[in-house]
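Let me begin by presenting the structure, written as structure tokens, before commenting on it.
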Protein chains: 2
Amino acid sequence: MKTIYEIGAKAKEVEPVLRTLETVPKNEALLSVAAALTEHSREILEANSLDIEAARANNMNQGLVDRLMLDHGRIESMAEGLIQLAGLDDPVGEVLSMKKRPNGLMIGQKRVPLGVVGIIYESRPNVTADAFGLCFKAGNAVILKGGSDAINSNRAIVAVIRKALEEKGIPGEAIQLIESADRAVTSAFMKMNEYVDVLIPRGGAGLISAVVNNSTIPVIETGTGNCHIYVDEGADLKMAEDIIFNAKTQRIGVCNACESLVVHSSVIDELMPVLKKRLDEKQVELRGDSRACRAAEGIHEAQEEDWGKEYLDYILSVRTVDSLDEAIAHINRYNTGHSEAIITNNYEHSQRFLNEIDAAAVYVNASTRFTDGFEFGFGAEIGISTQKLHARGPMGLQALTTTKYIIYGNGQIRK
Amino acid sequence: MKTIYEIGAKAKEVEPVLRTLETVPKNEALLSVAAALTEHSREILEANSLDIEAARANNMNQGLVDRLMLDHGRIESMAEGLIQLAGLDDPVGEVLSMKKRPNGLMIGQKRVPLGVVGIIYESRPNVTADAFGLCFKAGNAVILKGGSDAINSNRAIVAVIRKALEEKGIPGEAIQLIESADRAVTSAFMKMNEYVDVLIPRGGAGLISAVVNNSTIPVIETGTGNCHIYVDEGADLKMAEDIIFNAKTQRIGVCNACESLVVHSSVIDELMPVLKKRLDEKQVELRGDSRACRAAEGIHEAQEEDWGKEYLDYILSVRTVDSLDEAIAHINRYNTGHSEAIITNNYEHSQRFLNEIDAAAVYVNASTRFTDGFEFGFGAEIGISTQKLHARGPMGLQALTTTKYIIYGNGQIRK
């Protein structure tokens, strides 16, 4: 087994090859890896069954076992994801601008790979193929540290990917797996600034904060979503009802689901009874402030801690406000910088909400559920950034690149 | 004296005001601060003289005393810098793209301030006004932690700036100074993720690595420059001589100065005698490998450690190579990701160098000394990033902003 430093050094060694790989061989390799995953699905499933057995023996809870488990369909989805990536535009090589300076220098900014990307994730073997595909298409080497409960599955998937790459003449070390379950190894990984250009944690809040707190390597933080919808005075209440129902219930456990309503006092009495009835279809529990509770039957009283909560469940908090200012202040206080929406028909209010709400995605008259790389038209997604550096909001292939300045001269010297 | 947490909370409190400040009042405030600095230069100089006295009593070395010292001319330069900032385009509010999705959603990316910027720097009081100006123009609140030897100067400058802001109705807490010299306070500052959006260390390698290693807040790293110039086979040797002379000697202590030459073996014998003579004008010491040493008199033998050194001095290393491949491998091994140049007349070589060298700025036939926000036409500079996330190369006002997605809908829900 390689040491973590050998893994890092190897990634840096193959990085120049990947950085300069042309689009056609990259796409062919992705298709070839996709075919190999399908072809070797039996070996992958056998390895996965070892992980599942061990997980059950350790009494892993059913939700986690579900995420760990693979079947033919899930392997097909992994392969399908790689095929889709092959069809996307290559982000590498685009020159974003090229300007001529007064001294004749032509200065341009060119999109290039980040280099070596580290990904730390939980026991979800599908992320292994997915993360590889995104990093590879963007010209990066990837070092993966998956949850140790998925080690057999990950080993099998990585072996298949590497063999397929090598058959195409591409170094297998384009993808490397940290196999050690030792926490000291993971901790050393997070401090290998000489080998790793960026770390991306993919998983729950605990995993993310552990990486943010321990890494000396720059981290792209993907975060939780306490997303609000504000229903303004004079809003179309039927539209509000439809959007709220969609944003709350279309999928419950996702970061762009609506967790909290903010409602103008002039519409609370009309909105709440209708909304309560609609949300009853999905047994959504409403937790409101006193005015919301008075507006309809069966609304529970919200506690202070409700305003800051990402429920990821059939629960929705409701806050009543008397003005747009109050709504903006409330949302900016409690939101997590993810996705926020206003339902309004007031032009000035829509503009103020877009300007003054501090979040990755701010909506007028649409469901927060659209914050997603596919819905935004990126064709792929490595996560949704809730931090402000480098990438904010849904991250597609471009988030896995950086730029460099290229300068064409003809002998210029500085005076 | 406020605690560090009170300072952080205050910055977050005024941030929404700064974020939505329009361009005209921002520019007027910058001009007003510039005028106030000139008007109160006597108080600032008095405070500065206390710092200078203390520094001399502590036997601070002359170079550091020079950086600490202010005079009327330096205060004028600080004011001038703010006036120039007032004249630059406001980066905030620009919508970078706005696309219509098949479902009718209009999705755009808008440039917005980062929020709260922390700057940790050495005992250079001019940075205080400069860093404030850049952060303020980009709509951010700034928290400054300057070197403790400059505390009296910094207090005086900050007091003048705050008073000028408040007279314009802008919260003085747009700029706050950490006055404590306690290392525990600085350490706590680097972990205030709830209050600070980004930390920028400005100073030497030691300061930067201390911030990178201790901060849990995202850091924009500005780094050292071990910059190379490669003289290719068939290059115009007169152009090479002029560019090398400029890049090495035009200013010696800067990160974009040339520290190492790489020369193709076919031109080493012709280039070195001429170059030696030219660099003798400035008493530049040459340290070469064996072939470079044989090519001219008076070249010292380079040691292995020379290849990785940022001299910031009248010294230049010289390495001989037999091919472009060897040159690229050498540079990618020893460079610090700053600025690298090729002198060539070969089209394919110029393209390969631009593509394969991994650095923030890659030049063909020009001096590395151009890597600089002013020379690149940004009008201002907060530093030169040698990391790959968020900003790479010279950072102007845009590097102090982030983006958010703004989405215009008319009732869209996710299917």
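The values are calculated or read from the model by the stated rules, or taken from the named source; none is laboratory data. Model, not experiment: these values are computed from the prediction. Every residue, glycine as well, gets a Cβ built from its backbone with ideal geometry; the counts of neighbours run over all protein chains shown.
Among the residues of the range B:350-374, the one identified as among the charged types (D, E, K, R) and either within 22 Å of B:CYS135 (Cβ to Cβ) or touching a strand residue (DSSP E or B) at 6+ places or on another chain (Cβ under 6 Å) (or both) is B:ASP372. Across the range B:191-219, the number of residues qualifying as assigned to a helix (DSSP H, G or I) and in contact (Cβ under 8 Å) with a residue 24 or more places away in the chain comes to 3.
Between A:ILE52, A:ILE107, the distinction of being in a helix (DSSP H, G or I) and surrounded by 13 or more Cβ atoms within 10 Å (Cβ to Cβ) belongs to A:ILE52 only. Selection of the range B:56-92 for residues being in contact with a Ser or Thr (Cβ under 8 Å, 6 or more places away or on another chain) and of a type in the set (Gly, Ala, Ser) yields only B:ALA79.
Looking across the range B:332-376 at every residue that is in a loop (DSSP other than H, G, I, E, B) and among the aromatic types (Phe, Trp, Tyr), the one that is farthest from A:LYS12 (Cα to Cα) is identified as B:PHE374. When each of A:ASN346, A:ASN410, A:ASN355 is tested for being at the interface with another protein chain (Cβ under 8 Å from one of its Cβ atoms) and more than 21 Å from B:ILE107 (Cβ to Cβ), the lone residue that passes is A:ASN410.
For the range B:72-87, state whether one or more residues are assigned to a strand (DSSP E or B) and in contact (Cβ under 8 Å) with a residue 60 or more places away in the chain.
Here is the first cut: in the range B:72-87, the residues assigned to a strand (DSSP E or B) are none.
No - not one qualifying residue is present in the range B:72-87.
Mind listing whichever residues of the range A:318-369 are aliphatic (A, V, I, L, M), surrounded by fewer than 24 Cβ atoms within 10 Å (Cβ to Cβ) and in contact with a Cys (Cβ under 9 Å, 6 or more places away or on another chain)? None - no residue of the range A:318-369 is aliphatic (A, V, I, L, M), surrounded by fewer than 24 Cβ atoms within 10 Å (Cβ to Cβ) and in contact with a Cys (Cβ under 9 Å, 6 or more places away or on another chain), so the list stays empty. For the range B:122-165, the set of residues classified as at pLDDT 95 or above, closer than 17 Å to B:GLY379 by Cα, of a type in the set (A, V, I, L, M, F, W, C) and touching a Gly at 6+ places or on another chain (Cβ under 8 Å) consists of B:ALA129 only. When A:ILE299 is tested against (1) farther than 30 Å from B:SER350 by Cβ; (2) crowded, with 19+ Cβ neighbours inside 10 Å; (3) modelled with pLDDT under 95, only condition (3) is not met.
Name the single residue that is nearest to the other protein chains (Cβ to nearest Cβ) among those in the range B:391-407 being under 30 Å from B:GLU80 (Cβ atoms) and touching a helix residue (DSSP H, G or I) at 6+ places or on another chain (Cβ under 7 Å).
Residues of the range B:391-407 under 30 Å from B:GLU80 (Cβ atoms): B:391-402.
After this cut, where a residue has to be touching a helix residue (DSSP H, G or I) at 6+ places or on another chain (Cβ under 7 Å) as well, the list is B:391, B:397, B:400.
Values: B:ALA391: 8, B:LEU397: 15, B:LEU400: 11 Å.
Ranking the candidates gives B:ALA391 first.
Among residues belonging to the range B:206-261 that are more than 9 Å from chain A (Cβ to nearest Cβ), more than 16 Å from the chain's Cα centre (by Cα) and among the polar types (S, T, N, Q), point out the one that is surrounded by the fewest Cβ atoms within 10 Å (Cβ to Cβ). So, considering only residues that are more than 9 Å from chain A (Cβ to nearest Cβ), more than 16 Å from the chain's Cα centre (by Cα) and among the polar types (S, T, N, Q), the one surrounded by the fewest Cβ atoms within 10 Å (Cβ to Cβ) is B:THR249. Listed conditions (1) surrounded by 15 or more Cβ atoms within 10 Å (Cβ to Cβ); (2) touching a strand residue (DSSP E or B) at 6+ places or on another chain (Cβ under 6 Å) are all met by A:SER97, apart from (1).
Just one of the numbered conditions (1) out of contact with any Phe, Trp or Tyr (no Cβ under 9 Å at 6 or more places or on another chain); (2) facing chain B (nearest Cβ under 9 Å) is not true of A:PHE378: (2). In the range A:52-65, the residues that are among the β-branched types (Val, Ile, Thr) form Cβ pairs under 6 Å with partners that are modelled with pLDDT of 95 or more and not in a helix (DSSP H, G or I), at six or more places apart or across chains, as follows: A:ILE52/A:MET69. The selection criterion, being within 27 Å of B:VAL284 (Cα to Cα), of a type in the set (Ser, Thr, Tyr), in contact (Cβ under 8 Å) with a residue 12 or more places away in the chain and within 7 Å of chain A (Cβ to nearest Cβ), does not hold for B:SER317.
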